[in-house]
Amino acid sequence: MPERLQSLRYLLFPLLALGCLVVYLPQLPVFSSPWEELLPSLPFVLGALIGLLGWHFNSTRSLLACLLILLTDLSFYPALDPLYHQVLVVLLPLNLAQIAWYRERGLFNPIAFARFFWIAIQLCATVAAVHYQSDLLTRWLQFHPGSLPRLPLPLVTLAALALATLIIMIRLLRHRGRFDAYLLISCAVTCGLLLQPVSSRDVSLILSLLLALWLFGLLRHGHSLAYIDDLTGLPGRRALNERLMRLGRQYCLAMVDVDHFKKFNDRHGHDTGDQVLKMVATKLARVRLGKAYRYGGEEFCVVFSGRALAQTLEPLEELRAAIEQSYLQLRHVQRPGNNKQGRKQRGGENNKRPGVSVTISIGVAEYQPRTDTLKAADQALYTAKAAGRNQVCY
């Protein structure tokens, strides 16, 4: 599957869960008295949990999405004018599309406050329009040029849904984010409920499942912050320590170090150094038979669970050779002032950009009773460095 299409995997589990709920909704038994009475409050309980986690992780996007989902639930109160449904089904997808392209900037700053204030302005404008200009608002929402054939939905609603779906889908395919997939699902579910109203009980159940999905996404986000290295995308030191506690009595550990990395950083700058670490991490993530972790700085660790030393040497040698043969192209020192000049410069024969290559040293050790395997692998790494680097030692 192409790399960009892999982002669609984030849609599979949520769509399956929501699909099963919709199919089996008519067969769900009525809960016992206390739980059935608490059911309408469940979306707001989940919303409160999302609010606490979103505040803890500084996730403005999830809080905004949760707020819009809860507004959908509030719009089903019997006393509200049905015109609110028609307005919300236009504004809701457009706001979710906006959230998809927001950069995460935390909660306590002017930009975050402005985003919440923007939703508040729309709510106030909607209330005013429904109360004082309901006829004009209805004509605008039901606008349909006579030259067009009859459509299943009003033209304004169809345009809002199509535009929002396209925007969120582009974001999902470009950035491959879990939250973008959840925004797309939230747009489909909430607009579907508004366009095809169901009982208040079913609304509470469906929106609760949708909010539970966002809660799960925030928990996964917290897990990534704790266990995944932000620069390389590999599991970090904490994940490695937990993995080491779960290993049995047959395994190997390999310590990997980028050769002369400090000198490389001093010469080319930290930005280029980060690119080198990302390139090395990409190769490490594909190492056969093992699982790679970032140990710290320019050091990495590869865990070969259930493997003997002889089984690890060939994959590690393949890794060493792959990195030695890799070539990282640097940006031109004299960067162009605009995109047109940049395209011209990139196509010129006399403006070849400089490139760099790096090598790695690897030390590997097999588990032995009453021996610190990680320390033994580290000692083997120092042996590889002393022997001239760019080699595997054990």
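The values are calculated or read from the model by the stated rules, or taken from the named source; none is laboratory data. Please read these numbers as outputs of a predicted model, since none were measured by experiment. Side chains included, ligands, DNA and RNA excluded: accessible areas come from the protein's heavy atoms. Shrake-Rupley method; radii C 1.70, N 1.55, O 1.52, S 1.80 Å.
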The stretch 289-317 versus the stretch 354-394: alpha-carbon centroid distance in Å: 10
Computed helical MRE - 222 nm, the chain, DSSP H runs ≥ 4 contributing -39500 (n - 2.57), nearest 500: -20000 deg cm²/dmol
Cα shape, the stretch 10-75, gyration tensor, a/c 1.5 rule: oblate
Å² of accessible area per residue within the stretch 6-73, as computed with a 1.4 Å probe and no ligands counted: 56
Rg/Rh (Cα only; Kirkwood hydrodynamic radius) as it applies to the stretch 68-125: 1.02
Over the stretch 49-132, relative contact order from alpha-carbon pairs under 8 Å, at least 6 apart, %: 38
Degrees, to the nearest 10: 237-246 long Cα axis against longest axis of the chain: 80
Kirkwood-based shape ratio for the chain, expressed as Rg/Rh from alpha carbons: 1.09
Proximal lysine pairs, the chain, alpha carbons under 24 Å, eight or more residues apart or interchain: 19
The stretch 44-187 - percent relative contact order, Cα under 8 Å, separation 6 or more: 29
Contact order relative to length of the stretch 168-323, as percent, for alpha carbon pairs under 8 angstrom and 6 or more apart: 22
P(r) histogram, all alpha-carbon pairs of the stretch 111-179 included - 10 Å bins from 0, percent: 16, 27, 37, 18, 2
